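*Asks:* Take a look at the following structure, please.
The values are calculated or read from the model by the stated rules, or taken from the named source; none is laboratory data. Being a predicted model, the structure only gives us computed values, none of them experimental. Cβ atoms come from the backbone with ideal geometry, glycine included; neighbour counts cover every protein chain shown.
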Amino acid sequence: MASRLPEGRAKARLPNVAGKVESHANIVHRGFYSLQCAAGIVAPATDKKREPIMVPATDENGDPVTSPDGKPVLRQAMWPKDGLHALGHFFASWVAAASLSRVDCHRSIRVKPQPLLR
């Protein structure tokens, strides 16, 4: 059974299998963040105090790595570097660089020429 997009403004949104608007959380946690991690676009994870978040290290098979004394080896956790908002800005700049003045799914883009930094 094919999913259908809801009528109205939701047509520009990404549908889920039920044809409803997909939530931002599902898009980033089930797809976009995994894609970034697989591509190596990650940054070190820190807590609110800017302390590194440590997690158990794993080998190529996903098994925990232990030190000679049997203790787990820790490594700093890595989080995806950018979110969907940054991807939207990238797309807008890419469209502007291609000299397009209108994008159907977004408002008009006006670009003020900037001098190149050398």
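*Asks:* Could you tell me whether residue 64 is in contact with a Ser or Thr (Cβ under 8 Å, 6 or more places away or on another chain), farther than 23 Å from residue 84 by Cβ and loosely packed, with under 13 Cβ neighbours inside 10 Å?
*Replies:* For residue 64, the condition - in contact with a Ser or Thr (Cβ under 8 Å, 6 or more places away or on another chain), farther than 23 Å from residue 84 by Cβ and loosely packed, with under 13 Cβ neighbours inside 10 Å - is met.
*Asks:* When you go through (1) hydrophobic (A, V, I, L, M, F, W, C); (2) modelled with pLDDT of 85 or more; (3) surrounded by 13 or more Cβ atoms within 10 Å (Cβ to Cβ) one by one for residue 91, which number turns out not to apply?
*Replies:* (2)
*Asks:* Moving to a separate point now. Collect the residues in the range 51-84 that are among the charged types (D, E, K, R) and either modelled with pLDDT under 90 or assigned to a loop (DSSP other than H, G, I, E, B) (or both), keeping them in residue-number order.
*Replies:* Within the range 51-84, 51, 59, 60, 63, 69, 71, 81, 82 meet the criteria.
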